[in-house]
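Enquirer: Starting off with a structure, shown below.
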């Protein structure tokens, strides 16, 4: 089975959500590969949403990709949406560039630079609006997958987990994880905010406000509102940080997490350890890209990109609905064929 453990869900009305946000943290040089340059990370969430929805980026001429040329994980998410027919809704949780496709706008501001110790000005408001949205969506669906596109989000995830008292180690879209830089930025932000390790374990929204990003508040609020609905957080260590937030809040919901095997087996991160510590079931999907005819997808096997745009949860959905690894990989290659020149 290409998703472990084997999905045992049979939902009647699944929905895929993707929370979009920007932060100034992503513009710190060498901290994020979610864009060819730090400045272009402003366009990444919008281009990801456009690619998933239409098959092509609209806000920029080419899809978001790493500096090394590996394609955005939006390719993987689109492949799953095409295979499964699951409806995908995008939530604008604070963007500098709005996508040119329909979005649910919760009227939030983009995140700041966590080095300043004040990252999300309206965290509680984002949470409240998202909780209200979750209550509505829960009436429309019995199974909600929540992904994200937030460049720089592993750094904010690291900082928030430390503020909550967790020694989470985060992954990276770079093959070589810039852990030293992420630690430095986190320490600087915590010092500026006057926060020590674990000091905000009883104030998770304060941790998001000081050191997080808007997606965290939105995703946690959605989980709160989706009472009685089965939920998958689709992502790697960024979504582990959301699990740590909902754990601290004390939410009792039917929540699991699904990521790619690239994150689950990343030795620089501790995805499985953290999921176990927080006591949430974790799934890992292996698309078998080592066998891909497309060079950009083969780069994933070397540690490029790894996860994003809910790719792990999107693959979980494809497996849940009976599609094989080969069928998924071929569909991802078809998506790439429509965008790139095969090499």
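Here, each number is a calculation from the coordinates, and none is a lab measurement. Source: prediction; values computed, not measured. For neighbour counting, all protein chains shown are included, and Cβ atoms are generated from backbone atoms with ideal geometry for every residue, glycine included.
Enquirer: Ignoring everything except DSSP H segments at least 4 long, calculate the 222 nm mean residue ellipticity for the chain; use -39,500 (n - 2.57) per segment, divide by total residues, nearest 500.
Expert: -12000 deg cm²/dmol
Enquirer: Going 7 Å from the Cα of residue 253 toward and past its Cβ, which residues in region 190-223 have a backbone nitrogen under 13 Å from where you end up?
Expert: 216-223
Enquirer: Gap in Å between the Cα centre of region 175-236 and the Cα centre of region 76-124?
Expert: 16
Enquirer: Hey, another quick one. Ranking request for peptides 148-158, 330-340: highest mean number of other beta-carbon atoms within 10 Å first, then the rest in descending order.
Expert: The packing order, highest mean first, is 148-158, 330-340.
Enquirer: Taking 7 Å along the Cα-to-C-beta vector as the label spot, tell me the residue 291-residue 68 distance in nanometres, rounded to one decimal.
Expert: It is 2.3 nm.
Enquirer: Once you place label points 7 Å from the Cα toward the Cβ at residue 191 and residue 116, how far apart are they in nm?
Expert: Once both label points are built, they end up 1.9 nm from each other.
Enquirer: Any idea how far apart residue 203 and residue 327 come out in nm if each label point goes 7 Å out from Cα toward Cβ?
Expert: 5.1
Enquirer: Next up: Say R0 is 30 Å: what FRET efficiency, to the nearest 0.05, do residue 135 and residue 9 get from their beta-carbon distance?
Expert: Once rounded, the FRET efficiency stands at 0.90.
Enquirer: Another question, if that's okay. Considering the convex hull of the alpha carbon atoms of region 3-337, report its projected area averaged over all viewing directions, in nm², one decimal.
Expert: Computing the convex hull of the Cα atoms and averaging its projections yields 13.7 nm².
Enquirer: So the label point goes 7 Å from the Cα of residue 265 along Cα→C-beta, right? Which residues of region 278-297 then have their backbone N under 20 Å from it?
Expert: Residues 282-297 qualify, since their backbone N sits under 20 Å from the label point.
Enquirer: Any idea what the relative contact order of region 45-113 is, in percent, if you count C-alpha pairs under 8 Å spaced at least 6 apart?
Expert: 30
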